[in-house]
1. Which ones in the stretch 117-157 are part of a loop (DSSP other than H, G, I, E, B), closer than 16 Å to residue 85 by Cα and within 17 Å of the chain's Cα centre (by Cα)?
2. Among the residues in the stretch 142-151, are any surrounded by 10 or more Cβ atoms within 10 Å (Cβ to Cβ) and either at pLDDT 90 or above or closer than 18 Å to residue 101 by Cα (or both)?
3. Does residue 95 satisfy being over 18 Å from residue 151 (Cβ atoms) and either surrounded by fewer than 16 Cβ atoms within 10 Å (Cβ to Cβ) or out of contact with any strand residue (DSSP E or B) (no Cβ under 9 Å at 6 or more places or on another chain) (or both)?
4. Mind listing whichever residues of the stretch 101-116 are in a helix (DSSP H, G or I) and touching a helix residue (DSSP H, G or I) at 6+ places or on another chain (Cβ under 6 Å)?
5. Tell me which of these residue 187 doesn't satisfy, since it passes every other one: (1) at pLDDT below 85; (2) assigned to a helix (DSSP H, G or I); (3) closer than 28 Å to residue 93 by Cα.
6. If you go through the stretch 61-72 one residue at a time, do you hit one that is over 30 Å from residue 40 (Cα atoms) and in contact with a strand residue (DSSP E or B) (Cβ under 8 Å, 6 or more places away or on another chain)?
7. May I ask you to list the residues in the stretch 47-69 that are modelled with pLDDT under 80 and either closer than 30 Å to residue 146 by Cβ or part of a helix (DSSP H, G or I) (or both)?
8. Just to be sure I understand, how many residues within the stretch 171-184 are closer than 15 Å to residue 121 by Cβ and either under 28 Å from the mean Cα position of the chain (by Cα) or modelled with pLDDT of 80 or more (or both)?
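The values are calculated or read from the model by the stated rules, or taken from the named source; none is laboratory data. A quick note: this is a predicted structure, and the numbers were derived from the prediction, not measured. We place every Cβ from the backbone using ideal geometry, glycine too, and count neighbours over all the protein chains shown.
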C-alpha cells in the first residue's frame, strides 16, 4: 500500500495575501520523484474527491494581470516598424528581462533602469542579461535621414514616471519634436467624454 508520508518532505501553510485575507491553505512539499497520482489518490481517499482539489495548487497560469498585459502589448509592439527598442525596468525583474528577450528577436534592444543610463545620443549604459553585466554602447542611436522610431516599454512594476523621463530625454535631442501633451492630445480626446 502507498504511504504518502514516505514522499512528504515537510508540510507548509500558505496564507492568501490579496483576496480572502486570512484564509489558510495546507499544502505539502514532496520529493521530486514522488508519484503525483498516488499522492492525489491518497488525498482523495482522506478528504473525498471534491475536498481534495482544495489541496492541489493550479500553477498553470501564475502571471499577474500587469505582467500579462505588458507581454501582450509587447507582442503587438513587435508587429510595428521600429529602428530600435528601449525597455525600462529593474535588472533583477524577470518580467522586464522577458520583454527584452522578446524585443531582441526583432530590434536592437537596450534594457535600462532609468533615464540616467542614457548618457547622450551617442552613449548608453544598459544591462546585458545574457552576460549578467552592465555594458556601455557607443553610437547606439540609429542615424537616419527619416525620423527615428523607438519602441519604448517597461516592466510591470516600473513606475510610469521612469518611462516618462526616458521619453522626455530622448525627444529633447530632436528638433521639431512636438511636446508630449500635444502628441498625445488626439489619443486623449478619443477617450475623454465629450462635454457640451
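1. 129, 155
2. The answer is yes, given that some residue of the stretch 142-151 is surrounded by 10 or more Cβ atoms within 10 Å (Cβ to Cβ) and either at pLDDT 90 or above or closer than 18 Å to residue 101 by Cα (or both).
3. For residue 95, the condition - over 18 Å from residue 151 (Cβ atoms) and either surrounded by fewer than 16 Cβ atoms within 10 Å (Cβ to Cβ) or out of contact with any strand residue (DSSP E or B) (no Cβ under 9 Å at 6 or more places or on another chain) (or both) - is not met.
4. Of everything in the stretch 101-116, those that are in a helix (DSSP H, G or I) and touching a helix residue (DSSP H, G or I) at 6+ places or on another chain (Cβ under 6 Å) turn out to be 102, 115.
5. Here residue 187 meets the rest and fails (3).
6. Looking for residues that are over 30 Å from residue 40 (Cα atoms) and in contact with a strand residue (DSSP E or B) (Cβ under 8 Å, 6 or more places away or on another chain), one finds at least one in the stretch 61-72, hence yes.
7. Passing the criteria: 47, 49, 50, 51, 52, 53, 54, 55, 65, 66, 67, 68.
8. 3
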